[in-house]
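Visitor: One structure follows; several queries about it will come next.
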Number of protein chains: 2
Amino acid sequence: MSAFRIFACAICVAVATLIGIGRASAEDGHELWLRYRPVADAATAAYRQSASELVVTDNSPTIAVTQAELVKGLSAMLGKPLPVVSAVTQDGAIMLAVTGKAKVISDLRLPVAGLGNEGFVIRSATWQNHKVTVIAGNTDVGVLYGAFRYLRQIQTAQSTANLNISDKPRVQIRVLNHWDVLGRGSANSAGQSIWDWPKLPAWKDPLYTDYARANASIGINAVVPNQINADPVMLSPMYLRKLAALADVLRPYGIKMYLSVQVTSPMTVGGLKTADPLDPAVKKWWADKVSEIYTYIPDFGGLLVKADSEGEPGPQSYQRTQADGANVLADALKPHGGILFWRAFVYSNDPKWDRVKQAYDTFKPLDGKFRDNVIVQVKNGPLDFQPREPFSPLFGATPKTNIGMEVEVVKEYLGGATHLFYLGAYWEEVLQADTYAKGKGSTVASVIDGSVFKNKLTGFAGVANIGTDRDWCGSTFNQANWYSFGRLTWDPHASARAIAEDWAAMTFTPDKAFVGPVVDMMMASREADVDFMMPLGLHHQFATGHHYGPEPWGNTAGREDWNPVNYNRADKDGIGYDRTTATGTNYAGQYKPQVAAVFNDLKRIDDKDLLWFHHVSWDYKTKAGLPVWDDLVRHYDRGVGEVVAMEKIWAEMKPYVDTDRFAKTTVFLQMQEKEAKWWRDSSIAYFQSVSGRPLPEGIAPPEHSLDWYKELNTSLKVPVYPF
Amino acid sequence: MSAFRIFACAICVAVATLIGIGRASAEDGHELWLRYRPVADAATAAYRQSASELVVTDNSPTIAVTQAELVKGLSAMLGKPLPVVSAVTQDGAIMLAVTGKAKVISDLRLPVAGLGNEGFVIRSATWQNHKVTVIAGNTDVGVLYGAFRYLRQIQTAQSTANLNISDKPRVQIRVLNHWDVLGRGSANSAGQSIWDWPKLPAWKDPLYTDYARANASIGINAVVPNQINADPVMLSPMYLRKLAALADVLRPYGIKMYLSVQVTSPMTVGGLKTADPLDPAVKKWWADKVSEIYTYIPDFGGLLVKADSEGEPGPQSYQRTQADGANVLADALKPHGGILFWRAFVYSNDPKWDRVKQAYDTFKPLDGKFRDNVIVQVKNGPLDFQPREPFSPLFGATPKTNIGMEVEVVKEYLGGATHLFYLGAYWEEVLQADTYAKGKGSTVASVIDGSVFKNKLTGFAGVANIGTDRDWCGSTFNQANWYSFGRLTWDPHASARAIAEDWAAMTFTPDKAFVGPVVDMMMASREADVDFMMPLGLHHQFATGHHYGPEPWGNTAGREDWNPVNYNRADKDGIGYDRTTATGTNYAGQYKPQVAAVFNDLKRIDDKDLLWFHHVSWDYKTKAGLPVWDDLVRHYDRGVGEVVAMEKIWAEMKPYVDTDRFAKTTVFLQMQEKEAKWWRDSSIAYFQSVSGRPLPEGIAPPEHSLDWYKELNTSLKVPVYPF
């Protein structure tokens, strides 16, 4: 009965696909970049030659999922089931080999010594009279990573003959932070939290396995499943059981479970009267609680803490330093080998203290005070994930502290689900920036991979954009941000363009006629959003209350440091925030002299950073040779045009893309164009009301009055497309 | 390029399915009962003989979707693309025929006269020298319904030769109420609201189309997309545009858009100082606002209102009657042909006024006072969707008022996503109950289909259990509740068992060895939950704050009418709520004498209703011949056993069910067993603490102490599986 039904089903799906019906076989994006579609006919034979069988001699859970992935991927791409065998029987065998368990590694003298626990070698060789491809690592997780690397070779239409690939991650802890609450809400712009806590531990949704596969394929090895404003109930036995069940699903994929906790847990969970990190009872409570967690999850990764930020309590409440707060947790974790991520996103509402200076001012003096199992988690920029920020001056400032980077994979301020905004291009700009920490070449990437200060512990965190939307991320192109985040945590020095090329090939088709234009579009997408949202170094110009849509006139937030006008500082004479050493807040002075010199100097500073560091008159001539008023308006205008240009490129891609994903991206780009125009028009209307200047020649006036845009914002209580 | 890729994809999917890999082709339940899997080999030839081509001569949007559905379904089930032609060319043609547009109807003298606007005829005949099957209706929507009926014939393995089927709905407005809020929250236990308002009107998710298909297939023709505690912003132009876009998607499927509004809208939206329904400015505001809605949606269905209930404002605030409140809206709708649903779920916290009496007391005196385009929407029982309630005494009590029934398709009190609880069996019990409104045989079904009082307007509403979970309803068996709701709105006299048989065949397989046991299990599932939750007429024994898990000891709700102890009234002497005419609240007296006589009489009342109507001593002997204490405990105990029995049946169904859906239901049944035990043990522990009686012989004591269960509830803030 069973065999008959499977056969019948195959015919059915094939027929349904042939005649183009049936949503079940629709391309809904759920498969991400692991679609494993058949390769071009012409290439099949060559690929099959080097993938005739899979040799598996190990039976660990990780090897089992590695085998499953290779069978799935190769069978589908090469159109032929891949036999699994326990010894080489023919040319073209793919061998999975773990150091100490597979003779082939020593026989072929594969260079596994320098691979660490997660690296791999993929080598084409002759062994026992057969042509084989060995995927080897010092651990089974290394082999898993190698297997995904091998699959990528085919997915991107590269040869699998004569392979000699060796790779390992440059950052140790590559972690997704899920800003998800237990009630399944999330900041992800893509539906609910994928963690169905109410049904765990009994029901382990198959989605978790696919999530783990996707992460492993890009090198992510750690997950914080709950929001930084953590619910204390997560530390209860009931939820630790749920967490342990989830950890069981992720473990074979090399992914460790972490947990976000509040510093007040000793009170809210433990019933103590204080959460003072130096109180002995508090120390004991944390030590006991962490030990308890390890009874549920023996390989638990560690904790993440947000403290003294946005209303969250912290060590400041007890006149303790951030190091005091962190170390009590670090000490509790240490005996178990656990890691503490302590966020540096600390600021208070002090009008005299430029908000972007506060993290540096707080953490720089504490350098050397944190335990060695602490990573201070620093946002890419000093403010809050704006379309463009200078890199945080904490990168490179603390030789004796492990500094990890935090980026938002979710586009909280950047168009949510709909805008096409390739964050890889953004992150690359930050990672390639030179801190001059140890002279020229001390890039942010080299700081966070530990090479500048020889850190023994490194980490790179991203706020996940993953939700229950069928395509995981709310849009197909948002998937590229998850993908590129993973690839950049593996190698922060990697090229955003190269990563985009891989992603586009794997997600759609490796056809160069598609990949070329689409990657161009992706790389340009970042500047498009900067242009229509916040050009020339403007920042924090978003609507108050939610982060969707423009409100450069915003001045009602109650806190000055949440008001857009505080950041644009526009008046009839000029615009921009003076953060220079000479006349401003001296935020520029937090950088090394070589960097500060550029930011301080109007002659040297790049136009893209201008209004972040300088207040200039409307007549000030930018590097583009235009009065800043004219240049600002032209940037807004250009931003809309750049979105239109993306629409044109996408329209030409129709022959290469399935109907469903083509349509969705087309509509989303149309929405982005209207929102770009909203940003352009309302920003121009506002700044014109302040500057009193005429529009430059050839620039169309805003479609509506400033009051119309103000009224529109009043009516928007939640992020919503208003047109 | 495009053709090549489609072909390649078909091979890939086929290969992937054959070797059993790939989640994309996994049976995740998304296709509901419209799976259209290939029929048994032996049956294919016969089906193909009567489905050789599809003759379409009309081009309305509804005929277009009818054609698409038949092509999709028949091509997949019969393994062969179905050609679409504009005239009969061969034997086996299926003809779509609308009265007045298709000669075949008059030629064959098809009996379309009595079909109304939504009925259909399916007739095998010879026409123009060819054997044909005509699917005919007076409207294209009738033809659509006929097409789904034709497909069901094959899906349930019935013959398509010599067809002579004629059917039409017995209720006019068959409506889903979505208790969804604009922020995408929902009461549906199945993820978020499927309405992605933030991206409408630009992005019309393909999910909406599949939702419409599913509804049309079971006869649902109306949708209220927003919650009864309605957000006023829904009446803004921005949201009316979004609503109109959604209406455009649903329209071809014969589904009209309704809207839930608050009676305070003239104030919250219109800025008036009052919402008094008799105020002329309020009347004018409603008239204008309704006219405005019709400019966006010309075939808008009407409004739904919850008033004077659970803190929602209503006409009582202005000392007006429910009829006053309803009629102002009805008058506004009347010129446009719109309908008003006015909910009867009205009650106040008056300890002297038995809550279950209040709807009747409020609405019965208003009989004849409502406009003829008003439907008073009455919950199936007088309390609130408990596992068992007597039918509401309002059914049959108001000859001059249109009474519609409201049921909860979502299992708010009945195990949410996980419990297997076939609501069809529950609803059938209510619909078949005899009101004696016009003597014996005046069933609830005959009241709401209008036949008892000759109503010109009829309606049947269900609170939708549909969300963004991939399987729509949170579990496969919850889909049966959506399905049976639709079928019962079409024909309230239908058999729940027959509906379950259709559903099981269409959702899994028509194999009798599967359908028989599974339908037995479904039909038994209702009594299982009654037994372990609230046997013998107990009600409202749920945990306070959320409706998940037991709390018969609950007495802290702040309102007496929200406290479980108020409803079980258990003390050391006895248990039950005296609602008799002689000594109780005389709720029984709200029924016709023939019904009241049974409920009032301990000798005549069924055990299942006992404690709803009577307070009896613990020694009182039930019809089962046991002291009520013993019988109560035995019912709790039996409930657990009934779940175990369902698990056994399901385990035997493994050969007939795909891996994914088999596993999910298996785990959910395991969860249900643990929760049944939770109900059993904590309820027995509590009632034993009150009665002081020993457990009957052979009954295992509760696993934990009463305090343990009390403590467990304290720790549960949200509905969550705690084991």
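Visitor: Could you check A:Phe363 against (1) buried (at least 24 other Cβ atoms within 10 Å of the Cβ); (2) touching a Lys or Arg at 6+ places or on another chain (Cβ under 8 Å); (3) hydrophobic (A, V, I, L, M, F, W, C) and say which number it fails?
Guide: Tallying (1) buried (at least 24 other Cβ atoms within 10 Å of the Cβ); (2) touching a Lys or Arg at 6+ places or on another chain (Cβ under 8 Å); (3) hydrophobic (A, V, I, L, M, F, W, C), A:Phe363 fails exactly one: (2).
Visitor: While we're looking at this one, here's another question. Could you check B:Arg388 against (1) closer than 30 Å to B:Arg661 by Cβ; (2) at pLDDT 95 or above; (3) surrounded by 24 or more Cβ atoms within 10 Å (Cβ to Cβ) and say which number it fails?
Guide: With respect to (1) closer than 30 Å to B:Arg661 by Cβ; (2) at pLDDT 95 or above; (3) surrounded by 24 or more Cβ atoms within 10 Å (Cβ to Cβ), B:Arg388 is out only on (3).
Visitor: Any idea which of (1) crowded, with 20+ Cβ neighbours inside 10 Å; (2) at positive phi is the one B:Gly625 doesn't satisfy?
Guide: Looking at each condition in turn, B:Gly625 falls short on (1).
Visitor: Does region A:73-106 hold any residues that are more than 11 Å from chain B (Cβ to nearest Cβ) and assigned to a helix (DSSP H, G or I), and which are they?
Guide: A:Lys103, A:Val104, A:Ile105, A:Ser106
Visitor: Return the residues of region B:686-721 that are of a type outside the set (Ser, Thr, Tyr), open to solvent by less than 10 Å² (accessible area, probe 1.4 Å) and part of a helix (DSSP H, G or I); say none if nothing qualifies.
Guide: Of everything in region B:686-721, just one residue is of a type outside the set (Ser, Thr, Tyr), open to solvent by less than 10 Å² (accessible area, probe 1.4 Å) and part of a helix (DSSP H, G or I), namely B:Phe687.
Visitor: For region B:324-338, what are the residues that are open to solvent by less than 10 Å² (accessible area, probe 1.4 Å), of a type in the set (A, V, I, L, M, F, W, C) and out of contact with any Ser or Thr (no Cβ under 9 Å at 6 or more places or on another chain)? Give the derivation first.
Guide: Step one: list which residues in region B:324-338 are open to solvent by less than 10 Å² (accessible area, probe 1.4 Å), which gives B:325-326, B:329-330, B:332-333, B:338.
This time we only want the ones that are of a type in the set (A, V, I, L, M, F, W, C), so: B:326, B:329-330, B:332-333.
Within region B:324-338, B:Ala326, B:Leu329, B:Ala330, B:Leu333 meet the criteria.
Visitor: Additional query: List the strands (runs of 3 or more DSSP E) inside region B:128-210, counting only whole elements, that have at least 3 residues being in contact with a Phe, Trp or Tyr (Cβ under 7 Å, 6 or more places away or on another chain) and either open to solvent by less than 30 Å² (accessible area, probe 1.4 Å) or within 24 Å of B:Trp33 (Cα to Cα) (or both).
Guide: It comes to B:130-137.
Visitor: Looking at A:Phe345 and the list (1) in contact with a strand residue (DSSP E or B) (Cβ under 8 Å, 6 or more places away or on another chain); (2) at pLDDT 95 or above; (3) on the phi < 0 side of the Ramachandran plot, which single condition is not satisfied?
Guide: Only one criterion is unmet by A:Phe345, namely (2).
Visitor: Do you know which residues across region A:304-316 are out of contact with any Gly (no Cβ under 7 Å at 6 or more places or on another chain) and under 16 Å from A:Trp286 (Cβ atoms)? Break it down into steps so the answer makes sense when it comes.
Guide: Residues of region A:304-316 that are out of contact with any Gly (no Cβ under 7 Å at 6 or more places or on another chain), as a first pass: A:304-306, A:309-313, A:316.
A:Leu304, A:Val305, A:Pro313 - these are the residues of region A:304-316 that are out of contact with any Gly (no Cβ under 7 Å at 6 or more places or on another chain) and under 16 Å from A:Trp286 (Cβ atoms).
Visitor: While we're here: Please state which of the following conditions A:Ser715 fails to meet, knowing it meets all the rest: (1) of a type in the set (Ser, Thr, Tyr); (2) in contact (Cβ under 8 Å) with a residue 24 or more places away in the chain; (3) within 30 Å of B:Trp197 (Cα to Cα).
Guide: For A:Ser715, the exception is condition (2).
Table: residues versus (1) open to solvent by 30 Å² or more (accessible area, probe 1.4 Å); (2) not polar (S, T, N, Q).
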| site | (1), (2) |
| --- | --- |
| A:His635 | no, yes |
| A:Ala645 | yes, yes |
| A:Ile649 | yes, yes |
| A:Tyr656 | yes, yes |
| A:Ala663 | yes, yes |
| A:Gln670 | yes, no |
| A:Ile684 | no, yes |
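Visitor: For region B:664-723, give me each residue that is more than 29 Å from the chain's Cα centre (by Cα), more than 14 Å from chain A (Cβ to nearest Cβ) and among the hydrophobic types (A, V, I, L, M, F, W, C).
Guide: B:Ile684, B:Ala685, B:Phe687, B:Val690, B:Leu695, B:Ile699, B:Ala700, B:Leu706
Visitor: Can A:Gln158 be described as over 18 Å from A:Leu96 (Cα atoms), without any contact (Cβ under 8 Å) to a residue 24 or more places away in the chain and not small (Gly, Ala, Ser)?
Guide: yes
Visitor: So which of B:Pro298, B:Pro232, B:Pro277 is closer than 21 Å to B:Asp331 by Cα, at pLDDT below 95 and not hydrophobic (A, V, I, L, M, F, W, C)?
Guide: The unique qualifying residue is B:Pro232.
Visitor: Can I ask one more? I'd like the full set of residues that are facing chain A (nearest Cβ under 9 Å), of a type in the set (Val, Ile, Thr) and under 14 Å from B:Leu259 (Cα atoms), limited to region B:201-246.
Guide: Correct list: B:Val233 only.
Visitor: So which of A:Gly516, A:Gly537, A:Gly545, A:Gly558 is of a type in the set (Gly, Ala, Ser), touching a Phe, Trp or Tyr at 6+ places or on another chain (Cβ under 8 Å) and not assigned by TED's automatic domain parsing to the domain that holds A:Val410? First the steps, then the outcome.
Guide: Working: A:Gly516 fails: touching a Phe, Trp or Tyr at 6+ places or on another chain (Cβ under 8 Å); A:Gly545 fails: touching a Phe, Trp or Tyr at 6+ places or on another chain (Cβ under 8 Å); A:Gly558 fails: touching a Phe, Trp or Tyr at 6+ places or on another chain (Cβ under 8 Å).
One residue alone meets the criteria, A:Gly537.
Visitor: Can you pull out every residue in region B:290-334 that is at negative phi and either free of Cβ contacts under 8 Å to residues at least 40 places away in the same chain or polar (S, T, N, Q) (or both)?
Guide: Once the filter is applied, which keeps residues that are at negative phi and either free of Cβ contacts under 8 Å to residues at least 40 places away in the same chain or polar (S, T, N, Q) (or both), region B:290-334 yields B:Ser291, B:Thr295, B:Pro298, B:Ser309, B:Gln316, B:Ser317, B:Thr321, B:Gln322, B:Asn327, B:Lys334.
Visitor: Take region A:107-121 and flag every residue that is in a helix (DSSP H, G or I) and open to solvent by 40 Å² or more (accessible area, probe 1.4 Å).
Guide: A:Asp107, A:Ala113, A:Gly114, listed by residue number.
Visitor: Another question, if that's okay. Taking region B:486-520 only, how many residues are closer than 21 Å to B:Lys648 by Cβ, among the aliphatic types (A, V, I, L, M) and either at pLDDT below 95 or open to solvent by less than 10 Å² (accessible area, probe 1.4 Å) (or both)?
Guide: Within region B:486-520, residues that are closer than 21 Å to B:Lys648 by Cβ, among the aliphatic types (A, V, I, L, M) and either at pLDDT below 95 or open to solvent by less than 10 Å² (accessible area, probe 1.4 Å) (or both) number 4.
Visitor: Starting from residues that are more than 20 Å from A:Ala504 (Cα to Cα) and at the interface with chain B (Cβ under 7 Å from one of its Cβ atoms), keep the ones in region A:21-44 and report whichever is modelled with the highest pLDDT.
Guide: Among those that are more than 20 Å from A:Ala504 (Cα to Cα) and at the interface with chain B (Cβ under 7 Å from one of its Cβ atoms), it is A:Ser25.
Visitor: Can you pull out the residues in region B:552-576 that are open to solvent by 10 Å² or more (accessible area, probe 1.4 Å), of a type in the set (A, V, I, L, M) and outside any loop (DSSP other than H, G, I, E, B)?
Guide: B:Val565
Visitor: Test A:Met646 against the criterion of being closer than 22 Å to A:Trp679 by Cα, under 31 Å from the mean Cα position of the chain (by Cα) and among the hydrophobic types (A, V, I, L, M, F, W, C), and give yes or no.
Guide: For A:Met646, the condition - closer than 22 Å to A:Trp679 by Cα, under 31 Å from the mean Cα position of the chain (by Cα) and among the hydrophobic types (A, V, I, L, M, F, W, C) - is met.
For (1) under 12 Å from A:Val410 (Cα atoms); (2) open to solvent by 10 Å² or more (accessible area, probe 1.4 Å); (3) away from chain B (no Cβ under 14 Å); (4) not in a loop (DSSP other than H, G, I, E, B), each residue gets a yes or a no:
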residue: A:Gly462; (1), (2), (3), (4): yes, no, yes, yes
residue: A:Ile466; (1), (2), (3), (4): yes, no, yes, no
residue: A:Asp469; (1), (2), (3), (4): no, yes, no, no
residue: A:Gly474; (1), (2), (3), (4): yes, no, no, no
residue: A:Asn478; (1), (2), (3), (4): yes, no, no, yes
residue: A:Asn481; (1), (2), (3), (4): yes, no, yes, yes
residue: A:Ser484; (1), (2), (3), (4): no, no, yes, yes
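Visitor: While we're here: Can you tell me how many residues in region A:657-673 are touching an Asp or Glu at 6+ places or on another chain (Cβ under 6 Å) and either assigned to a helix (DSSP H, G or I) or modelled with pLDDT under 95 (or both)? I'd like the intermediate steps shown before the answer.
Guide: Going through region A:657-673, the residues touching an Asp or Glu at 6+ places or on another chain (Cβ under 6 Å) turn out to be A:658, A:660-661, A:669.
From what's left, either assigned to a helix (DSSP H, G or I) or modelled with pLDDT under 95 (or both): A:660-661, A:669.
Residues that pass the stated criteria total 3.
Visitor: For B:Asp529, work out the one condition from (1) part of a helix (DSSP H, G or I); (2) open to solvent by 40 Å² or more (accessible area, probe 1.4 Å); (3) among the charged types (D, E, K, R) it doesn't fulfil.
Guide: Answer for B:Asp529: the failing condition is (2).
The values are calculated or read from the model by the stated rules, or taken from the named source; none is laboratory data. From a predicted model like this one, the values you see are computed outputs, not experimental measurements. As a convention, Cβ positions derive from the backbone with ideal geometry for all residues, glycine included, and neighbour counts pool all protein chains shown. Side chains are part of the model used for accessible areas, which takes the heavy atoms of the whole protein and leaves out ligands, DNA and RNA. Shrake-Rupley method; radii C 1.70, N 1.55, O 1.52, S 1.80 Å.
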